[in-house]
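Asks: A single structure is presented below for examination.
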Amino acid sequence: MCGIVGYIGKRKALPILLNGLKRLEYRGYDSAGVITLDQKNFFIEKEVGKIKNLEEKINKEFGEVDRIDGNVGIAHTRWATHGESSVKNAHPHKDCSGKFWLVHNGIIENYNELKSFLEKRGHKFISDTDTEVLAHLVEENYQGNLLKALETALKKVEGTYGIVLVSKNEPDKLIVARKGSPLLIGVGKDEIIVASDVSAIISYTDKVVYLNDGEIAEIKKDNFKIFNNIKKEEVAKKINKITWDIKEIEKSGFDHFMLKEIFEQKEVFLNAIKGRLLFSEGKAKLGGLDLVADKIRKIKRLIIIGCGSAYNAGVVGEYLIENLAGIPVELEYASEFRYRNSVLEDGVAILAISQSGETADTLAAIREAKEKGVLTLGIVNVVGSTISREVDAGIYNHAGPEISVASTKVFMSQVAVLVLMALYLGRQRKMSLSQGREIIDELQNLPKKIDKVLTLNDEIKKIAQKYFSMKNFAFLGRTYNEPLAFEGALKLKELSYIHAEGFPSGEMKHGPIAMIDKNFPCFFIAPNDSVFKKNLSNMEEIKSRQGKIIAISNKKDKKLEKIIDDLIIIPKTKEYLNPILALIPLQLFAYHMAVLNKKDVDKPRNLAKSVTVE
Ligand code: M6R
């Protein structure tokens with residue numbers, strides 16, 4: 001989704017802004033723009049498409065980007081919501097006088113009313129965006145104080161925003177404001193970089209201050225002041241240290257971030273369990289939950305919320321926590337939970353799962369739950385993100401930055417953390433010490449098994465070569481592997497735009513099997529577990545209708561080998577841990593299918609890494 005970068009300091013702003021925008025490319029966008037300010041002169045450029053188009057445009061018109069002066073500037077990648085992707089709609093946007101320019105993430109919900117009001121006051125609009133009203137509102141309210149002008153303007157605004165504003169009138173500052181759309185301040189030596197995402201600033205500084213909703217800040221090159229927009233008081237903020245490494249946001253020799261991230265999964269798994277297993281007590285140590293330990297002991301029902309892959313990981317969690325901890329669990333799409341009047345009796349807790357920690361639907365669902373006085377927990381990857389800060393307690397994934405739009409390593413890490421949570425909750429309830437130790441034992445065996453699954457990459461590529469021109473796929477699994485069927489289908493459709501659906505294997509005969517013919521392959525996740533024979537019967541049903549079958553299993557079974565067309569054998573593990581291993585071939589299959597179909601693997605069309613609007 002849209003990305004923001006702002007710079008003020010001693011250096012030339014333009015190269016830093018463009019570099020920051022490139023770091024945000026993974027979030028998804030369709031146009032980009034930049035403005036720098038050199039004393040009283042603006043340099044402005046916008047272009048549709050990739051940042052390299054913008055860069056080429058600048059180079060063509062002005063020579064190298066380094067030649068453009070200006071130590072202050074703002075830049076933006078836009079993912080179109082109001083108005084098509086075009087130069088006129090690209091940010092930054094300006095007022096009538098051209099003195100006030102701003103970039104904005106989020107949606108101004110009452111922009112129609114504001115636009116009519118401003119037009120009546122004589123303002124002329126040139127774009128179709130909701131954002132432009134903000135620039136005119138600042139102009140309308142400017143009385144010699146830029147901070148005050150934005151503060152007053154925002155009183156009239158309904159919706160969400162992360163805003164960075166510059167003006168010729170006060171060229172030594174940036175004004176930023178946040179409500180519902182992330183913004184952070186990177187504090188360097190004699191320079192400050194603001195951004196919507198940590199990856200835009202880590203090349204320059206590891207010191208960061210996170211803005212909260214309702215905060216507005218005045219930023220100069222060597223200091224900043226943050227105010228609470230409601231109480232109008234200055235707020236003292238902690239400077240946090242970023243632990244991510246610049247190498248983590250580079251491809252390091254891989255063709256795509258997605259492949260790199262798939263191959264990082266052993267490390268990611270180890271990071272998720274590191275320091276969290278207590279073998280002698282057969283327990284998991286989850287420090288983040290200790291804050292609300294008493295409340296957690298009293299949980300009688302858990303509602304897991306998330307979107308996309310995070311939701312699918314939650315379904316694995318549902319099986320894990322119900323079976324291992326004996327707590328009833330329900331799954332809700334965050335986008336539905338926020339608008340339904342769920343019955344939230346005493347003892348209910350909400351667990352939000354989110355890689356980015358910024359997904360608008362998940363955040364709104366958390367806020368709704370908090371409003372109703374319910375205990376809120378989170379499994380979040382991005383440290384300092386809004387969800388991580390707003391839940392009562394939580395667990396970080398420590399999976400490092402995930403750049404590819406399609407979630408791979410973080411899904412793996414979410415499942416790993418859910419196993420730990422099932423262990424933690426289980427040991428507080430019915431789980432015996434020996435079962436706790438058995439889980440820990442096998443968790444410790446998994447890293448080498450993950451490595452083994454990764455060696456199947458070439459084999460999986462060959463399977464993809466057989467099937468890459470197919471137009472439809474079904475993914476099927478039972479119990480712990482049912483959510484993997486959904487995840488396998490999601491990966492294939494988001495990367496290759498091939499129609500794919502996930503079903504519980506037993507559901508096929510209730511309707512979907514009508515679609516099956518020789519051109520509709522089915523991908524089964526069928527380890528040798530308590531439902532293996534049931535899966536075999538479901539495969540027979542597909543075979544009898546000439547459907548092709550690809551299967552992931554952990555047993556070379558004669559009956560299985562007779563039915564399937566292609567078999568991927570992964571190592572054996574406990575039934576409840578199988579998703580951690582079976583996941584990898586699904587990711588690799590989706591990856592190779594996308595490459596073979598010549599799709600933009602890391603940045604699939606129409607998608608954004610972090611969905612910060614409804
Ligand atoms: O950042 P989040 O985990 O909250 O994001 C949730 C979904 O938007 C995300 O998982 C999405 O489905 C990915 N494209 C999946 O690959």
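The values are calculated or read from the model by the stated rules, or taken from the named source; none is laboratory data. What you see is a predicted model; the values in this text were computed from it and never measured. Note that each Cβ is placed from the backbone with ideal geometry, even for glycine, and that neighbours are counted across all protein chains shown. The area values use the complete protein model at the heavy-atom level, side chains included, leaving out ligands, DNA and RNA. Shrake-Rupley method; radii C 1.70, N 1.55, O 1.52, S 1.80 Å.
Asks: Holding the Cα-Cα limit at 23 Å, pick out from Lys518/Lys574; Lys99/Lys156; Lys491/Lys555; Lys189/Lys232; Lys518/Lys559 the pairs that are longer than that.
Replies: Among Lys518/Lys574; Lys99/Lys156; Lys491/Lys555; Lys189/Lys232; Lys518/Lys559, the Cα-Cα distance tops 23 Å for Lys518/Lys574; Lys491/Lys555; Lys189/Lys232.
Asks: If I fit a long axis through the Cα atoms of helix 13-23 and take the longest principal axis of the Cα atoms of the chain, what angle between them do I get, 0 to 90°, rounded to 10?
Replies: 20
Asks: Related question: Please give the net charge around Lys52, taking every other residue with its beta carbon less than 11 angstrom from that of Lys52, where Lys and Arg add +1 and Asp and Glu add -1.
Replies: For residues surrounding Lys52, the net value is -1.
Asks: Tell me, what ³J(HN,Hα) does each residue in the range 491-499 have, in order and in whole Hz, if you take phi through Karplus 6.51 cos²θ - 1.76 cosθ + 1.60 with θ = phi - 60° and put x for Gly and Pro?
Replies: So the J values, rounded to whole Hz, are 4, 5, 5, 6, 8, 10, 6, 8, 5.
Asks: On to the next question. Pop out the ³J(HN,Hα) list for the range 209-215 in order, Karplus 6.51 cos²θ - 1.76 cosθ + 1.60 with θ = phi - 60°, rounded to Hz; leave Gly and Pro as x.
Replies: 3J(HN,Hα) across the range 209-215, in whole Hz: 10, 8, 7, 9, 4, x, 9.
Asks: Once amide H atoms are built 1.01 Å from N in the peptide plane, which residues 5 or more positions from Gly357, or in another chain, come under 5 Å H to H?
Replies: Asn381, Val382
Asks: Please give the Cα centre distance for the range 53-120 versus the range 331-376, rounded to the nearest Å.
Replies: Here the two parts' Cα centres lie 34 Å apart.
Asks: Amide H of Leu24: which non-local residues (sequence gap of 5 or more, or other chain) have their own amide H closer than 5 Å, using H built in the peptide plane?
Replies: Under 5 Å from the amide H of Leu24 lies no amide H from a residue far enough along the sequence or on another chain.
Asks: In addition: What percentage of all Cα-Cα pairs in the range 1-41 are separated by more than 13 Å?
Replies: Pairs farther apart than 13 Å: 52 percent.
Asks: Continuing with the same structure: Taking just the C-alpha trace of the range 122-166, give me its Rg and Dmax in Å.
Replies: Cα-based Rg and Dmax for the range 122-166 come out at 10.4, 29 Å.
Asks: Based on Cβ point charges of +1 for Lys and Arg and -1 for Asp and Glu, what charge dipole magnitude is obtained for the chain about its Cα centre, in debye rounded to the nearest 20?
Replies: 980
Asks: For the range 480-553, state which trypsin sites (Lys or Arg not before Pro) are in a DSSP loop and have at most 10 other beta carbons lying within 10 Å of their beta carbon.
Replies: Passing both the DSSP loop test and the Cβ count: Lys518.
Asks: Now for a separate question. What number does the chain give for Rg over Rh if you use C-alpha atoms and the Kirkwood radius?
Replies: Taking Rh as the inverse mean 1/r over Cα pairs, Rg/Rh reads 1.00.
Asks: Further question on the same structure: With Cβ to Cβ distances under 12 Å as the rule, what net charge do the other residues near Lys449 carry (K, R +1; D, E -1)?
Replies: Residues close to Lys449 contribute a combined charge of +3.
Asks: Run through every distinct alpha carbon pair of the range 401-517 and return the Kirkwood hydrodynamic radius in angstroms, one decimal place.
Replies: When all Cα pairs of the range 401-517 are included, the Kirkwood radius is 17.0 Å.
Asks: When N counts the residues of the range 195-283, how does its alpha-carbon radius of gyration compare numerically with 2.2 N^0.38 Å, as a ratio?
Replies: Dividing the Cα Rg of the range 195-283 by 2.2 N^0.38 Å gives 1.58.
Asks: Kirkwood hydrodynamic radius (Cα pairs, Å) of the range 2-242?
Replies: 17.4
Asks: I need the fraction of alpha carbon pairs in the range 455-600 separated by more than 21 Å, rounded to a whole percent.
Replies: That fraction is 34 percent.
Asks: Work out, in µm²/s and without decimals, the Stokes-Einstein translational diffusion coefficient of the range 21-129 at 4 °C, 1.567 mPa s, Rh from Kirkwood over C-alpha pairs.
Replies: Rounded to a whole number, D works out at 87 µm²/s.
Asks: Tell me which aspartates and glutamates have Cα within less than 15 Å of Lys449's Cα, excluding those fewer than 8 residues away on the same chain?
Replies: In chain and number order, the partners are Glu264, Glu267, Asp441, Glu575.
Asks: While we're here: Give, as a single signed number, the net charge of other residues whose beta carbon lies under 13 Å from the beta carbon of Lys493, with Lys and Arg counted +1 and Asp and Glu -1.
Replies: +1
Asks: Report the semi-axes of the equivalent ellipsoid for the range 314-470 in whole Å, largest first, where each axis is √(5λ) for an eigenvalue λ of the Cα gyration tensor.
Replies: The equivalent ellipsoid of the range 314-470 has semi-axes of 30, 23, 15 Å.
Asks: Which loop-located trypsin sites (Lys or Arg not before Pro) does the range 405-455 contain, where loop means any DSSP state but H, G, I, E or B and the Cβ has at most 15 other Cβ atoms within 10 Å?
Replies: Arg429, Lys430
Asks: Could I ask something else about it? Computed over the Cα atoms of the range 256-402, what is the convex hull's projected area averaged over all directions, in nm²?
Replies: 9.0
Asks: Let me ask something additional. Using θ = phi - 60° and the Karplus curve 6.51 cos²θ - 1.76 cosθ + 1.60, what whole-Hz ³J(HN,Hα) does each residue of the range 232-243 get, with Gly and Pro shown as x?
Replies: Working through the residues one at a time gives 6, 9, 6, 10, 7, 10, 7, 8, 9, 9, 7, 9 Hz.
Asks: Take the cross-link list Lys251/Lys452; Lys225/Lys409; Lys120/Lys179 and give me the ones stretching past 32 Å between alpha-carbons.
Replies: As for pairs spanning more than 32 Å Cα to Cα, those are Lys225/Lys409.
Asks: How large is the accessible surface per residue of the chain, computed with a 1.4 Å probe and reported in Å² as a whole number?
Replies: That works out to 39 Å² for each residue.
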